[in-house]
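Visitor: The structure follows.
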Amino acid sequence: MARAGSSTGCAESLEPRRLLSGEALIHTGPQPVRIAVLPGEPRFLVEAGGSLYFSVDGSQLWKSDGTPDGTTPILDVHPELGWDIRFITPVGNRVFFSGNDGQHGYELWVSDGSPDGTRMVTDLNPGINPADPQWLTAVDDQRVIFTATGLDGRRDPWISDGTPVGTTRVVDLPEANPQARDYFVHNGVVYFLSNPTQTTGGLYRSDLTPGGTVLLRSIVDRIGTQSPISLAGHEWTVLGDRVFFCVRQVQTTLWTTDGSTEGTQPVAVISPSNLDFRSYLTRLGDRLVFVGQDATRGREIWSSDGTPQGTGPILDIRPGPDSALPAALFVGDDPGWWPIRLLGGRVYFAANDGTTGEELWSTDGTVDGTRLVSDLTPGPEGTGVMGMTVAGEVAYYRAGVGAGFTDGTPPGTEAIPTTAAIPRDAYLRVAYGNALFYSSPAALFRLDNLDITAPVMASLNYRYDDPNPSVLMTFSEPIVDGFDTADFVVENRNSGHVLAPGQYEVSRVGDSGERLQLLFSGFARGAPPDGNYRVTIRPGVLEDRHGNASVNASTGEWFVLAGDADRNRSVTIADLATLAGRYNLPGTFSQGDFDYSGLVDIGDLAIVASKYNSTLPWPPARASISWTRAGIALAGGEGAPRKTHDVLAELLR
């Protein structure tokens, strides 16, 4: 097997054109680029460690940094030997895949993007019978779980860290002929299904330790031919503290589990069919949105709050038994064909109301909020939207007549002519950052700089329990340098006093670029005086790496009240009780350390005594202020008024 040499890719800049229409959507960045002409069709595009990995014609492993020069084969293999690459899966900075080099059959492989770092992990099943790894799923940034055939011929769950010694069977499942599949990882726990018999099999839960795999619920195959199945990630999702998934038997049922046997239960039947049906579970706020059907309405867009009574159609888009959602959506496994996408707090999907044909629709989960986005192709034939992918702030879709994009508004929805950047036979493969990568049968394209808006403050959190209290500001995207403390105006809204820049400082938190903090180093105890505070970031200060700068000011608010341990804007008996419980012990603000000395002591008692039964009123006209209260406790009330000296002796005895 020869290692890779030079790239066979070439660059071709396409004719500049305006891709996005509407006043708020003007594409000003780089134009689409054909970054590589390939010897075959690219498949299994995934991102890992800042690079794209994909196979070409199933026989070569390639890597790309999104540029023509950086798009190269990792392995220059010989297809005539029977080499095949499948199921490329990102795990941290590496990819795992099922590879057949023509000598060992399908075994588990790993690659760090270099020729020398691309190798078979181990020959799990030496000889003519391959291990045939399938259902590869990242457990964390180092390990992958998968199903493989061992020397005993059983297809059990295996786990690997990319080394032979770190590749082991997770569990010997009790079924006579196990077929573990459909792995889903949540909070370090792996859920998966295994083909059932009449008495065993169903949904398993595993913490990946010896003895840590348990059968949560036996889901018996009632018709003897169809196994319980959930399909490739889009059939699993999390809502609150529960995992939801779909099972196909005689009918398709929505299930839920909290990780316990008692908490694993069916929710509702969402389709009377079990053939070629996918629900595409998508979380939208505190509900699930998905495809469902019944005998009276056909396939429609449904939602669920996780209860039987809260599960059903959102709207009968096409009244009567005919389906609004086309059956063509429920075939294929390419990510670019997934027909339901979340963008900007709405779910987008293709539907036919019987009049406009198959067009792009969206919903916020309510009847009134379910609507046609745009009738791009007037008439009953419609545009024929098939699948979507999201990059930046835009959802790109593939349709029967070409491709298009939407920002969710009619002016921002436009078909892209097939004579332009995206060819008719293109597949919407993968979105990486703000770039969209798509492919035709023998080429790879990139369309980038899809970010068209400036960053805004997404949340503000007053971290009063830190040893040095601070205000954490999180923004909608990374912001570039070029700001200073004077750009952040901090005002006490009760007194009207504006803090001097020397009384606070602005610094970054972490390496992501999305978080800044205010530290109040100019005050003796590290916190400003009591009051309702507002920080205002001047217009033009927030700028992203694409040059989008804020036009308006960004604001956020918080309050400071020394002695208010429970953060309910009042100093009451409850705060005294908290202090008493930690007296003469190390503590935080919420445990009674109001002067940030690190110890709950007499100084903190003096603060409570001076403020007992006091309340910090809300700032004036707070209802008109647009700001995020993330992390700020708003509930709670005052205790019954009592004089300080009446309770001190009892509490601090």
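Visitor: How high is the FRET efficiency between V238 and L585 when r is their beta carbon distance and R₀ equals 45 Å, given to the nearest 0.05?
Guide: 0.75
Visitor: Packing-wise, with mean Cβ within 10 Å as the measure, how do 593-602, 104-113 rank, highest first?
Guide: 104-113, 593-602
Visitor: Across segment 260-270, in residue order, what do the Karplus-derived ³J(HN,Hα) couplings come to in whole Hz, using 6.51 cos²θ - 1.76 cosθ + 1.60 with θ = phi - 60° and x for Gly and Pro?
Guide: In residue order, the calculated couplings are 10, 5, 5, x, 9, 9, x, 9, 6, 6, 10 Hz.
Visitor: How far apart, in nm, are two points set 7 Å out from the Cα along the Cα-to-Cβ line at E381 and at R463?
Guide: Simple spin-label model gives 5.9 nm for this pair.
Visitor: Right, next: Short version: ³J(HN,Hα) in whole Hz for each residue of segment 91-101, in order, from phi by Karplus 6.51 cos²θ - 1.76 cosθ + 1.60 (θ = phi - 60°), x for Gly and Pro, what are they?
Guide: Per residue, the Karplus-derived 3J(HN,Hα) values read 9, x, 8, 10, 10, 10, 7, 8, x, 10, 8 Hz.
Visitor: Ok, one more. Grab the other residues whose beta carbon is less than 11 angstrom from that of V267, score K and R as +1, D and E as -1, and report the net.
Guide: 0
Visitor: With every protein chain kept in the model, how would you rank D544, D465 by accessible area, 1.4 Å probe, largest at the top?
Guide: If we order D544, D465 from most to least accessible, we get D465, D544.
Visitor: Take V498 and L372, extend 7 Å from each Cα along the Cα→Cβ direction, and tell me the distance between the two endpoints in nm.
Guide: About 5.2 nm separates the two model spin labels.
Visitor: Summing Lys, Arg as +1 and Asp, Glu as -1, what charge do residues with Cβ under 10 Å from the Cβ of P501 carry, P501 excluded?
Guide: With Lys, Arg at +1 and Asp, Glu at -1, the neighbours total -3.
Visitor: Suppose the chain between D152 and V37 were pulled fully straight at 0.36 nm per residue; how much longer would it get relative to their current alpha carbon spacing?
Guide: Between D152 and V37, full extension yields 37.0 nm more.
Visitor: Provide the net charge surrounding D123, with neighbours chosen by a C-beta distance below 13 Å and charges set as Lys +1, Arg +1, Asp -1, Glu -1.
Guide: -2
Visitor: To continue, here is another question. Based on the Cβ-Cβ distance of T296 and L342, what FRET efficiency does E = 1/(1 + (r/R0)^6) give at R0 = 25 Å, to the nearest 0.05?
Guide: So, using R0 = 25 Å, E works out to roughly 0.35.
Visitor: ³J(HN,Hα) across segment 359-371 via Karplus (A = 6.51, B = -1.76, C = 1.60, θ = phi - 60°), whole Hz, x for Gly/Pro?
Guide: Karplus-based 3J(HN,Hα) across segment 359-371 equals 10, 8, 10, 8, 8, 9, x, 10, 4, 5, x, 9, 7 Hz.
Visitor: So for M388, M120, what's the accessible-area order with a 1.4 Å probe, most first?
Guide: Correct descending sequence by accessible area is M120, M388.
Visitor: With a point put 7 Å past each Cα toward its Cβ, work out how far D305 is from A553 in nm, to one decimal.
Guide: 4.0
Visitor: So, one more: Where the centroid of each part is defined by its Cα atoms, how far is segment 134-200 from segment 483-533 in Å?
Guide: So the two Cα centres are separated by 51 Å.
The values are calculated or read from the model by the stated rules, or taken from the named source; none is laboratory data. Quick caveat: nothing in here was measured; it's all calculated off a predicted structure. Neighbour counts run over all protein chains shown; Cβ positions are idealised from the backbone, glycine included. Surface accessibility is based on the protein's heavy atoms, side chains included, excluding ligands, DNA and RNA. Shrake-Rupley method; radii C 1.70, N 1.55, O 1.52, S 1.80 Å.
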